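Quick notes on the structure that follows.
The values are calculated or read from the model by the stated rules, or taken from the named source; none is laboratory data. Quantities reported herein were computed from a predicted structural model and do not represent experimental measurements. Here the Cβ positions follow ideal geometry from the backbone for every residue, glycine too, while neighbour counts run over all protein chains shown.
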Amino acid sequence: MSATGPHARLRFRDPLPGGALAVMRGALPAPYDRGTERMTVPLGARREDGTIPVPGYDFGAYERHYGRPPASPRYLLAPRQDVTSPVTVEVVFTRAGGARPEKVSVRVPAGHPADGAVTVPIPGRAADITDRLRLVSLTPRDSLGPVTTGAWEVTALLGNLAKLLWVIGAEHETVAAHLHDVTGQRDTGTAHGASLDLLGLDLGAPRFPPRPHGVDEATVALFHLDDVPPRDEKGLPEPGAEVDTVVDAAAPGEEDREGVNQGAHSGRTGRFGHAFAFGPGAGAISVADAPAFALPAGAPFTVEAIVRPDRTITNGPVVAKRDRLDDPRSKGWALVIGTFHTIDRNLRFSLSDGSAQVDLYADRDLGDGSFHHVAGTLARTGTTTTAVLRLDGREVARYVTTRPFGTLTSSAEVVLGQGEEVLADGTRTTLQYRGLLEEVRLSSVARDTFAPVTGEPDEQYRRRLGIFHRWLLPTPDALQDAVNEVAGPVAGSEDPAPFVVREQTEPVVTGGRLLRVLPRTLPVSQSIAADGTLGASEEAAVGTAPRDEPDFDPAWLIRHPGRPGLSFADDEDARRMQLGVVRALDALVERLAPTAGTLRVLRAYDPAAGAGLHGVGRAVLLTHTPPVDAARLGALAHAAGFGWVRHTREGHVYAAQPRGDVFRIVTDETGEGRDPDTGPGARLPDVVEGDALVLRVEPDPSRLAGAEIRWSVLRSEAGDAAFPSSEPGTLHALAAGDVSVRVEVAHRGHVGSGTRRIRIGLDDAALAAGETISGTGRRGATEAATAGPPTQDFDPRMLHLRTDDLTRPPRRVDYGSGPGHRNRMMQRVTGEALDRLLDLLAPVGGRLTVLASYVPQETAGPSPGPGPAPDPDAALHAQGRALRLRHSTLAAPALAARAFAAGFHHIRVDPALTGGSETVRVAVAPGAQPTVDGPDEVAVDESVPLEVSPAAEPVTACFAADGSRLFLAEAGSHRITSFTLTEVEEQAHPDLALTASRGVAPFPGALALGGGRLFVAHERLDRVAVLGPADLEPAATPPELLCP
């Protein structure tokens, strides 16, 4: 505190240059100096134990100037250097001379800037903080003990305006710090958190997702809680079965370290796989006490878990090793979720050495439906004990003390999900955790990072992104050097390059299946959108009537004619609804068909509904007779295709649709005709080029006086059509392909519309020899442009071998007798198109012949002898994606027209060779090679079987009488393979040497060796092949035996 003259304004030196108080004070004129007084509190030399004493001081200058002492001075504490790790400063003070010393802790987080002031939170009422209060000492401590380096500064705010400016200016300082932090994140070296994620996305290298823990040297116990119940012979979980014991990954095979399940539910869906669910009934997992769980005085430790509490009020331990959770005399520790500080589902970490208890709180409701990582740590260094509570990897509470903290060793079991507390009357009560739990880990160190369960940490991610800062020649050696540079030493290894990159030489083939996951029930007051989002608002999911349909006309509504299993309220308006609602309602009735009872529409169109969707016929209110309750009906309504479904409190189901077509275009008397939403070629054409198609509109707009009907055609590919003005509603097909037809009905100033895709087929004589067409109708298209080039991931082992001509009854197709059944071999996508073609040819009669299908690259081209010329497009034959076809009764152009309807992506008519006839060559675009077959839907918490094809088939074996030969019939690959067996001394099994392997007729089965011949049964062919056992070639006489 200083002044420039006897009558000058009192000036106080600013101890925090650039701080918030200085900024705010500098914005005020000189008359406001009165009230902004502050002074620097003197600090003494640091002692050996890290304590900084505060010499005696007073406010004499202030009192001499103003004639009275300052009212209630407040104190600020500031480090003179950047704080790199969390520090807790213990401030000792007295409220008056001779008073008992008191303590208060000031937390300074990691990253706090130099000269950044924080408040010293003097406890008590404002009236108790007077000018007689004096600071006695400061003791900075971190997790390792007292901090013996670094300088600190203490400022006393004397004037009331200074205190006010500090409160206001602190916010400015915080915003400025954030601004400085944000503007400084310009590269991976300075960015952190979400900013680092964005830079990683720009580089095409996203952060690794969270993963389960592994076991390291500090792991005492690790319960993944991903244990699942026993499976039946089909690999499905047994209904109602539960896991009896839980494995400790840190002590596998040790029975005394296994957890015992006592009512908890295993196999539930967790964050990383499976998890355990606790509640609503009693449930716990207990682990017997073991020496490894002991925590003597001075021992650090960490307890952590992944939790997702139920959204009901819950009060129970996540994991604890303590007899009584709230008794300071009960030694041990506990992580508990309950109602604390008036916050439901709050997190508490408690510790007790039998004489004193420490409680830390997260002060946050964890019942938000997300998984959270919770952790409590204890670090003890010298005389300093530090307890920290972390939530999702971030510190939320800290306690530092110099009081000697004793042993935490307790003889109690480690219990997950349950614990006891003592009531006021002395009786005990059991507390039950409700929710999901997984990844429970106990450690012998105080951890401050929790990767990988919390995701890839910034430091590791930053190092990994260094690979992408420069262009890297993607050779194995270059990648290996880059990986080792980023990874560094591994597990103390001295090897400078512990990682070895081996290049994958074989292609990886993949397949998949789209599964729709549906809810089993929809709870009361819960809603669900079409994409499965729970709790979505109606407006976000399906819109609103005023926004979507300001031009609504009740004339657009369709009167539902009714159907079995469906009834309506007596009001006629209950039958009136828009087209989208009609379709979803019919789909719901079909899903309910196997169930007894009736679906009833209580409300549909309601002109008095105001702005609601009932007012435009886009919503229905539903109920169903038992046994289908409202919860199940809501789930089925979502599955049927309604855009938004809600289970109302009255026990009904409200279902609504977004705005869509109000008219449907039909082509026959049965309604809409073929499905207009299937892909190109997946159905018969609606009309053939050159023909006309009469279209109608439902509901019939002719009933509307003065209505104007307008037809139009939208073209996106080669397909073309037109509506002559003289024939409204009659579509004339001009060119093969797909077109979209749109109808608009104008009535009383309102316009309603409907759209439908029309497939125009190829005329039987449209394609001449040498001409091509794509699956979309483009004439003269090349195979490379329509079916695409060969793929790099082709694997001949994934080809399917067709045997539909051997089924009962056989299909009208002939695959010839090409080498190794190659005409039968093709990719699944090719076979699917061929199936559609055979379906189209069924009414025609005759027989389809596959002249060529799979031709390996080394022998690509047709077989020798009479036949087509060498194929310049043999590359797709080498991958089983092309076929050469001929039909016994149809000419090649007519066959090409049906191949176009079947959905082949490229069709070509090849000219006839001498003595032959024209052929048709077809090709398809690449698809999944291995295919996954199974249902299209699965309910939550259910399992469904899936099958992958092609798959290995069982083999049949046959041994020679002397045991020297082994023959295998491989039904999956249609081969016979022989081995020579040689006895080896002191070896339990013989050595096998391949002798011969040969492709045979499809589905070889039982084998028999006798009379110098090997007999192979082909049950589907009604014959037995006779082979020579040495070379597996067909015998000269007879090569086969027919079985009548």
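Observations on the structure shown:
- Under the condition of being assigned to a loop (DSSP other than H, G, I, E, B) and under 17 Å from Arg659 (Cβ atoms), the residues counted in the stretch 601-615 number 5.
- Of the residues examined, Asp289 is not one that is in contact (Cβ under 8 Å) with a residue 24 or more places away in the chain, buried (at least 17 other Cβ atoms within 10 Å of the Cβ) and not in a strand (DSSP E or B).
- Among residues of the stretch 719-754 being of a type in the set (Val, Ile, Thr) and surrounded by fewer than 17 Cβ atoms within 10 Å (Cβ to Cβ), the one that is nearest to the chain's Cα centre (by Cα) is Val751.
- Taken over the stretch 999-1016, the criterion of being surrounded by 15 or more Cβ atoms within 10 Å (Cβ to Cβ) and under 49 Å from the mean Cα position of the chain (by Cα) is satisfied by Gly999, Val1000, Ala1001, Pro1002, Phe1003, Pro1004.
- Restricting the stretch 52-91 to residues that are among the β-branched types (Val, Ile, Thr) and surrounded by 17 or more Cβ atoms within 10 Å (Cβ to Cβ), the residue that is farthest from Val167 (Cα to Cα): Ile52
- Among all positions in the stretch 589-600, there is at least one residue which is touching a strand residue (DSSP E or B) at 6+ places or on another chain (Cβ under 7 Å), assigned to a strand (DSSP E or B) and at negative phi.
- Residue in the stretch 247-265 that is surrounded by fewer than 22 Cβ atoms within 10 Å (Cβ to Cβ), under 28 Å from the mean Cα position of the chain (by Cα) and in a loop (DSSP other than H, G, I, E, B) present: yes
- Test: residue in the stretch 754-774 that is touching a Leu at 6+ places or on another chain (Cβ under 7 Å), small (Gly, Ala, Ser) and closer than 25 Å to Leu837 by Cα: no
- Condition met for Thr312 (at negative phi and at pLDDT 95 or above): no
- Within the stretch 763-811, the set of residues being in contact with a His (Cβ under 7 Å, 6 or more places away or on another chain) and more than 20 Å from Ala891 (Cα to Cα) comprises Ala781, Glu783, Thr786, Ala787, Leu801.
- Cβ-Cβ under 9 Å pairs, at least 6 apart or on other chains, the stretch 53-73 side over 13 Å from Ala156 (Cβ atoms) and touching a residue at least 40 places away in the same chain (Cβ under 8 Å), far side surrounded by 16 or more Cβ atoms within 10 Å (Cβ to Cβ) and acidic (Asp, Glu): His65/Glu37
- Selection within the stretch 172-229 - modelled with pLDDT under 90, of a type in the set (A, V, I, L, M), within 28 Å of Thr302 (Cβ to Cβ) and not in a helix (DSSP H, G or I): Val228
- Selection within the stretch 784-804 - part of a helix (DSSP H, G or I) and more than 19 Å from Leu837 (Cα to Cα): Ala784, Ala785, Pro796, Arg797, Met798
- Test: residue in the stretch 438-449 that is surrounded by 11 or more Cβ atoms within 10 Å (Cβ to Cβ), of a type in the set (Gly, Ala, Ser), at negative phi and assigned to a loop (DSSP other than H, G, I, E, B): yes
- In the stretch 299-314, the residues that are surrounded by fewer than 18 Cβ atoms within 10 Å (Cβ to Cβ) form no Cβ pair under 6 Å with any partner that is modelled with pLDDT of 95 or more, whether six or more places apart or across chains.
- Within the stretch 620-637, the set of residues being under 21 Å from Gly562 (Cα atoms) and either under 31 Å from the mean Cα position of the chain (by Cα) or part of a loop (DSSP other than H, G, I, E, B) (or both) comprises Thr625, Pro626, Val628, Leu633, Gly634, Leu636, Ala637.
- Qualifying positions in the stretch 764-780 - outside any strand (DSSP E or B) and surrounded by fewer than 17 Cβ atoms within 10 Å (Cβ to Cβ): Asp764, Ala765, Ala768, Ala769, Gly770, Glu771, Gly780
- Test for Thr889: is it among the polar types (S, T, N, Q), assigned by TED's automatic domain parsing to the domain that holds Arg812 and free of Cβ contacts under 8 Å to residues at least 60 places away in the same chain: yes
- Among residues that are more than 30 Å from Gln262 (Cα to Cα), touching a Pro at 6+ places or on another chain (Cβ under 8 Å) and surrounded by 12 or more Cβ atoms within 10 Å (Cβ to Cβ), Gly406 is not included.
- Sole residue being small (Gly, Ala, Ser), under 35 Å from the mean Cα position of the chain (by Cα), modelled with pLDDT of 90 or more and farther than 22 Å from Val287 by Cβ, chosen from Ala320, Ala334, Ala375, Ala362: Ala362
- Total residues in the stretch 289-319 satisfying the condition of being of a type in the set (Ser, Thr, Tyr) and closer than 17 Å to Asp368 by Cβ: the figure is 2.
- Thr269 vs. criteria more than 26 Å from the chain's Cα centre (by Cα) and among the polar types (S, T, N, Q): no
Residue-wise test of (1) buried (at least 20 other Cβ atoms within 10 Å of the Cβ); (2) outside the structural domain of Gly316 (by TED's automatic domain parsing); (3) touching a Phe, Trp or Tyr at 6+ places or on another chain (Cβ under 7 Å); (4) in a strand (DSSP E or B).
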position: Arg345; (1), (2), (3), (4): yes, no, no, yes
position: Leu351; (1), (2), (3), (4): yes, no, yes, yes
position: Ser370; (1), (2), (3), (4): no, no, no, no
position: His373; (1), (2), (3), (4): yes, no, yes, yes
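- Any hit, the stretch 160-167, residues being assigned to a helix (DSSP H, G or I) and small (Gly, Ala, Ser): yes
- Listed here are the strands (runs of 3 or more DSSP E) enclosed by the stretch 887-1005 that have at least 3 residues being under 26 Å from Thr791 (Cα atoms) and modelled with pLDDT of 90 or more: 906-910, 919-923.
- Test: residue in the stretch 109-120 that is among the polar types (S, T, N, Q), at pLDDT below 80 and surrounded by fewer than 16 Cβ atoms within 10 Å (Cβ to Cβ): no
- Out of Gly880, Gly816, Gly831, Gly845, one residue alone is assigned to a helix (DSSP H, G or I) and either under 46 Å from the mean Cα position of the chain (by Cα) or at pLDDT below 90 (or both). It is Gly831.
- Criterion violated by Asp326 - all others in (1) crowded, with 19+ Cβ neighbours inside 10 Å; (2) part of a strand (DSSP E or B); (3) out of contact with any helix residue (DSSP H, G or I) (no Cβ under 7 Å at 6 or more places or on another chain) satisfied: (2)
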